[in-house]
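Step one of this worksheet: look at the structure below.
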């Protein structure tokens, strides 16, 4: 059995000492990071984690020690030179430049890239996520409405959508993620996951609906509706006196059957034009109306 050669580390720090005035923040720190490896610096407040990262990014100059990246010394280089070598410091919360436009922030983020055509394509993909809000207010209490807008346009909400929305509304990503995942009607797709089918039918899993045949619907609807429709369980929909209940998008189907759900899942008329008064099995969800493009006055359902 022979030993395999060990590749040189991509980042190598040896004996790094950094201070502020007469105070030493780092003393004789050494570490190595291989290509593709993730290394975390852990410690309490004041341990020097931020100082270490700022030094590696070129924002601070070390008093002694060496920093080598991809075989070349970068100790003492300024931030602009370090960035061009391939190291960047990402601030907590993915802060952006608040006085610059989205386009300008994206341009700065790719300033060192030489593949200009791919850079423009990448920027365009991100820009497509922002115009959804248009001139709408970025008030915090409109977060759910904006999540609906993204859901209605793309059919699901991705991690990139959440990051873009958090940046646009200047909210913590954790807050946006918690809100999006709290409500059953938002499909949050993580990186690497397959987006859901174009249409989703949610079957109420309350005790009343279970007694009225919800389990049978969960079993039979996938066969009736086909592969382009996803059928899932959902929390109580508040219509126990009309069990079993299903929801297709924003439309709630009371006393649901295979045929009545299919009628909504594959409508000849868009769901916005449906009237609760024309079919007693259909309930329009007023809370959801505000989150969709508003119907024309002739087709808008009356709500109280």
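Summary of values
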item: Breaking point among (1) touching a helix residue (DSSP H, G or I) at 6+ places or on another chain (Cβ under 9 Å); (2) exposed (fewer than 12 other Cβ atoms within 10 Å of the Cβ), for residue 41; result: (2)
item: Index of the failed condition, residue 199 passing every other in (1) surrounded by fewer than 18 Cβ atoms within 10 Å (Cβ to Cβ); (2) within 15 Å of the chain's Cα centre (by Cα); result: (2)
item: Considering residues of region 49-66 that are over 35 Å from the mean Cα position of the chain (by Cα) and buried (at least 17 other Cβ atoms within 10 Å of the Cβ) only, the residue nearest to residue 24 (Cα to Cα); result: 62
item: Region 202-231: number of residues that are within 18 Å of residue 263 (Cα to Cα), without any contact (Cβ under 8 Å) to a residue 40 or more places away in the chain and outside any helix (DSSP H, G or I); result: 6
item: Criterion (surrounded by 16 or more Cβ atoms within 10 Å (Cβ to Cβ) and not assigned by TED's automatic domain parsing to the domain that holds residue 253) met by exactly one of 221, 217, 165; result: 165
item: Filter result for the condition that a residue is at pLDDT below 90, buried (at least 17 other Cβ atoms within 10 Å of the Cβ), assigned to a helix (DSSP H, G or I) and touching a strand residue (DSSP E or B) at 6+ places or on another chain (Cβ under 7 Å), over 247, 180; result: 180
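Conditions tested, residue by residue: (1) under 29 Å from residue 167 (Cβ atoms); (2) surrounded by fewer than 15 Cβ atoms within 10 Å (Cβ to Cβ).
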| site | (1), (2) |
| --- | --- |
| 16 | no, no |
| 22 | no, yes |
| 37 | yes, yes |
| 47 | no, yes |
| 106 | yes, no |
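The values are calculated or read from the model by the stated rules, or taken from the named source; none is laboratory data. Just so it is clear, the model here is predicted, and its values are computed rather than measured. Note: ideal-geometry Cβ built from the backbone for every residue, glycine included; neighbour counts use all protein chains shown.
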